[in-house]
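**Q** Got a structure for you, written out below as structure tokens; questions coming shortly.
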Amino acid sequence: MYHKTMPYRIFSVFNYFLLAIISIGCLLPLYHLLMVSFSDTSAANAGLVTFWPIGFTLDAYVKTFDNANFITSLWVSVKRTILGTALALAVNSAAAYALSKDNRVFRGRNIYLWYFVITMLFNAGLIPSYILILKLGLLNNLLALILPGLVSVYNLILLLNFFRTVPKELEEATFIDGAGHFRSFISIYLPISLPALATIALFTMVGHWNSYFDGLIYMKGVENLPLASFMQTLIVQGSTTGFDPAVIANMSQRTLRASQIFIGALPILIVYPFLQRFFVKGIVIGAVKE
Amino acid sequence: MDQMMTSDPNIKAARIANKQKGNRVPWVLHLMVLPAALFVFVFSYIPMSGIVMAFQDYKAALGITGSPFVGLKHFRYMFENDYFMKITWNTVLFACSKIVLNLIIPFGFALLLNEVRNMGFKRSIQTLVYLPHFLSWVTLGGILIDLLAQTGIINLFLTNVFGIKPIFFLGDGTWFRLTIIFSDVWKEFGFNTIIFLAALAGINPALYEAAEVDGASRLKQTMHITIPSLIPILIVVATLALGNVLNANFDQVFNLYSPMIYQQGDIIDTFVYREGLLSGQFSFATAVSLFKSMISLILIVVSYRLAYKFAGYRIF
């Protein structure tokens with residue numbers, strides 16, 4: 001038994017130690033900034049805060065929530081995330097079901113598949129996509145944030161591969177009972193694929209919540225910006241839109257920014273435990289073929 | 001072979017279903033693909049026609065049909081442009097460093113994690129290192145801007161402990177490059193271990209048992225069983241990464257860079273954004289991004305062929 005030998009024991013202690021250091025080190029930056037966000041302005045500005053809040057206050061959070069633009073953009077983000085995820089699931093899973101059929105059952109399946117895969121290999125790029133949204137009159141429209149990325153060929157293939165692992169006998173039985181493809185999709189495939197669907201739903205939600213660039217280029221008014229885009233203008237570009245100038249003068253940009261970073265990331269941190277439970281399973285399942 | 005296939009009960013049953021609906025053509029299946037096909041057509045295929053702009057002097061007032069053709073003017077200008085060469089080099093440098101480090105580090109980390117026998121500890125480590133993957137570059141960019149500032153905690157630490165003058169991490173070209181590469185590793189290395197951990201779980205335990213019987217040490221087992229078992233998946237991941245040689249990660253660079261370090265930090269995607277959407281040089285920006293898309297297309301096709309050839313890898 002190798003793990004009883006002395007060299008291995010020494011290695012093991014060293015290994016546990018190293019892994020602990022690395023993984024804690026991964027989150028230390030986040031932790032430090034969280035402490036800054038809870039700290040008193042002057043302490044934060046003087047660089048006194050390390051791993052403990054100094055002069056504990058929630059002032060920065062209160063100020064951020066007081067910003068009316070913040071609340072409107074939060075609402076835009078919620079809308080795009082819910083609508084975008086629901087639509088994406090419906091469209092992608094229906095297509096994945098049809099494409100999971102054998103080419104002899106669904107003639108044209110391979111043609112469709114290539115039609116989708118080509119978009120994975122080659123895309124028109126930023127400018128033509130922007131001009132399309134412009135021509136469609138979707139600027140300042142929530143749909144501009146939802147429709148362009150609706151079909152995720154990657155997720156489609158993941159689901160397709162998952163659908164193929166569903167025992168054929170189940171579907172066979174529904175066919176013999178007179179059900180059609182749509183019925184078999186709704187009552188057999190969807191319920192049985194819940195783990196895979198949940199994984200994809202969570203990934204899509206995280207994607208929507210985190211996506212900021214589309215909002216930045218397609219939404220011209222501050223009131224239409226999703227939270228991630230609004231945060232980008234505040235945190236990275238250092239804009240002060242929607243804040244009372246007097247507040248800005250009295251506040252440290254530093255604690256304010258730190259609080260904004262955490263408010264923006266909070267939903268992700270909340271769903272993360274669920275995400276983690278699903279994603280490993282989902283990825284591994286999706287990778288299994290035939 | 002074909003006969004055997006047609007007697008497949010699933011296909012038979014599906015054909016029965018098709019017939020019962022009175023159709024030789026399974027129109028339901030077509031209908032189910034239709035929405036996805038339509039969205040892809042509008043938002044992926046129609047923009048492809050916009051690529052014509054790269055060969056025009058596009059004016060918004062004249063539109064794609066009315067703007068004058070200029071042939072390869074923009075491409076000629078692009079290749080004669082020193083700055084374009086610089087950003088291409090930056091792009092390749094960032095992308096390749098990330099690809100290599102994001103293969104080696106997760107590989108090593110997965111091997112170390114594999115030696116942890118305490119499942120609770122192992123899961124906690126995984127929870128911690130996967131997290132940054134799910135945070136956006138706006139969040140992480142904001143954190144890095146604060147941490148790496150002149151008065152940020154990292155510079156305070158360096159000054160107080162080592163007596164070094166504050167480093168201008170995001171304002172000095174070389175430091176900026178290092179920051180880009182290592183912050184990407186920070187975000188992704190944990191998540192990238194998943195694929196190796198999955199492969200590790202798939203190794204036949206009988207191999208280790210046999211090695212135990214022969215008295216092989218754990219190091220020997222790792223060298224002769226674990227690592228060789230991971231090589232195929234390593235090759236697949238490495239080959240597929242070839243398609244990303246021009247993807248330096250727009251979101252990351254966009255949230256961290258500033259005009260001060262454009263020479264060492266600007267990449268193709270951020271350049272296209274500035275030229276196109278900020279300066280209104282639609283045609284030139286389209287030409288630059290078309291160049292990138294074409295090279296990427298070639299690389300992806302080659303990488304998939306190689307992955308198929310070496311490891312029998314197929315996506316569907």
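**Q** Report the calculated FRET efficiency for residue A:75 and residue A:271 (r = Cβ-Cβ distance, R0 = 22 Å), to the nearest 0.05.
**A** 0.75
**Q** Counting alpha carbon pairs within less than 8 Å and at least 6 residues apart, what relative contact order, in whole percent, applies to chain A?
**A** 29 percent.
**Q** If a/c stays under 1.5 just call it rounded; otherwise compare a/b with b/c (prolate if a/b is bigger, oblate if not). Do that for chain A, with a ≥ b ≥ c from the square roots of the Cα gyration tensor eigenvalues.
**A** Values: a/c = 2.70, a/b = 1.37, b/c = 1.97.
Judged from the Cα gyration tensor, chain A comes out oblate (a/c at least 1.5, b/c at or above a/b).
**Q** With θ set to phi - 60°, apply the Karplus curve 6.51 cos²θ - 1.76 cosθ + 1.60 along the range B:294-309 and write out the HN-Hα couplings as whole Hz, x wherever there is a Gly or Pro.
**A** So the J values, rounded to whole Hz, are 5, 4, 4, 4, 4, 5, 5, 4, 4, 5, 5, 5, 5, 4, 5, 5.
**Q** Find the percent of Cα-Cα distances in the protein assembly as shown that exceed 39 Å, and round it to a whole number.
**A** Across the protein assembly as shown, Cα pairs with separations above 39 Å total 37 percent.
**Q** Now for a separate question. Assuming R0 = 41 Å, can you tell me the calculated FRET efficiency for the pair residue B:231 and residue B:174, based on Cβ-Cβ distance, to the nearest 0.05?
**A** Given R0 = 41 Å and the Cβ-Cβ separation, E is 0.75.
**Q** Can you tell me, using C-alpha contacts under 8 Å and at least 6 residues apart, the relative contact order of chain B as a whole percent? Working shown, then result.
**A** On the way: 285 pairs, mean separation 78.5, N = 316.
Averaging sequence separation for qualifying contacts and normalising by length gives 25 percent for chain B.
**Q** A follow-up question, please. Which residues among the range B:266-284 fall inside the zone where the amide N is under 15 Å from a point 7 Å beyond the Cα of residue B:73, along Cα→Cβ?
**A** It comes to B:281-284, nothing else.
**Q** Quick one: Debye curve from the C-alpha atoms of chain B, no solvent, what's log10 I(q)/I(0) at q = 0.07, 0.10, 0.14, 0.15 Å⁻¹?
**A** -0.47, -0.87, -1.22, -1.27
**Q** What's the Cα-based Rg to Rh of the range B:133-252, Rh via Kirkwood? Each step should come with its number before you reach the end.
**A** On the way: Rg = 20.8 Å, Rh = 18.0 Å.
Answer for the range B:133-252: 1.15.
**Q** Counting partner chain Cβ atoms within 10 Å of every residue's Cβ in A:175-188, what's the average?
**A** Whole-number average of other-chain Cβ neighbours for A:175-188 is 4.
**Q** Just to confirm my numbers, what's the Cα centroid distance between the range A:59-78 and the range A:20-53 in Å?
**A** Value for the Cα centre distance between the two parts: 23 Å.
**Q** Given B:98/B:165; B:86/B:292; A:101/B:309; B:98/B:187; B:98/B:309, which pairs have Cα atoms separated by over 19 Å?
**A** B:98/B:165; A:101/B:309; B:98/B:309
**Q** Suppose we take every Cα in the range A:50-104 and form the convex hull; what volume per residue is that in Å³? Mind showing how you got there, number by number?
**A** Details: hull volume 7.3 nm³, N = 55.
Roughly 133 Å³ of hull volume per residue.
Just so you know, all these numbers are worked out from the coordinates, no wet-lab data involved. As the structure is a prediction and not an experimental result, all values here were calculated from the model. Quick reminder, even Gly has a Cβ in these numbers, built from the backbone with ideal geometry, and neighbours come from all protein chains shown.
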